[in-house]
Amino acid sequence: MQMIKYIILFLILLSSSLIGKFLSKKYVYRLEELEEMQNSLNILKTKIKFTYEPIPEIFQEIASNASKNIGNIFQTAKEKMSNTTANVAWEEAIEETTTNLKKEDKHILKTLSKLLGQTDSEGQIGQIEITEKFLETQIKEAIEDKQKNEKLYTRLGTIMGLAIVIILC
């Protein structure tokens, strides 16, 4: 009977530690997605500037090379462009795709849609550069959040588990 009690207490400690670790990973994933989006926008800018490929083709190429969540945004936008304009498709794709991005991050990405597919290549490139500058600010914020909160949630999960174990003993 005593052995079962110790196993249950160990499982409580382990599960609370894992929950803390899981919560801390959100900050890591957000930073990775912001950096991936910045790289993808840089590719988009370069493709628009030098290849003059249609936006759906560029989005398809980015979607195949990007990580899962960011690739899904570009894939969804590409699919929606068959029925609607590029700017509407981009906004809907940002909103519909499940990511670790905050509302502010999504709002910044939606600003790209203002000129996407509606102006000449220079106007689109200018809007992409503006969006990239805003993303740099968000990346700096994400780095600070990660440094501050990653250890906090990891330790908090373990401490809460220890507290529960001590109370139950």
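Each reported figure results from applying straightforward, stated rules to the coordinates on display, with no laboratory input. Owing to the predicted nature of the structure, the values given are computational and were not obtained by experimental measurement. Cβ coordinates were reconstructed from backbone atoms using ideal geometry, including for glycine residues, and neighbour counts include every protein chain displayed.
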Tail weight of P(r) past 16 Å, computed on alpha-carbon pairs of segment 87-169, percent
65 percent
Could you point to the residue in 27, 101, 13 farthest towards the positive end of segment 13-115's charge dipole, with +1 and -1 charges on the Cβ of Lys/Arg and Asp/Glu respectively?
13
How far is it, in nm, from the label point at residue 166 to the one at residue 43 when both lie 7 Å from their Cα along the line to the Cβ?
5.0 nm
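Please work out how much length the chain gains when fully extended from residue 98 to residue 82, using 0.36 nm per residue of separation minus the C-alpha to C-alpha distance, in nm with one decimal. Intermediate results must be reported in sequence, preceding the final value.
Details: separation 16, 0.36 × 16 = 5.76 nm, distance 2.14 nm.
Here the answer is 3.6 nm.
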The list [x] 15.9; [y] 18.0; [z] 18.4 gives values of Kirkwood radius over Cα pairs in Å, and only one came from this structure; which label was calculated from it?
[y]
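For the chain, what is the mean residue ellipticity at 222 nm derived from helices alone (per DSSP H run of n ≥ 4: -39500 (n - 2.57); sum divided by total residues; nearest 500 deg cm²/dmol)? Write down the numbers at each step before the final one.
Numbers: 6 runs with 141 residues, N = 169.
It comes out at -29500 deg cm²/dmol, rounded to the nearest 500.
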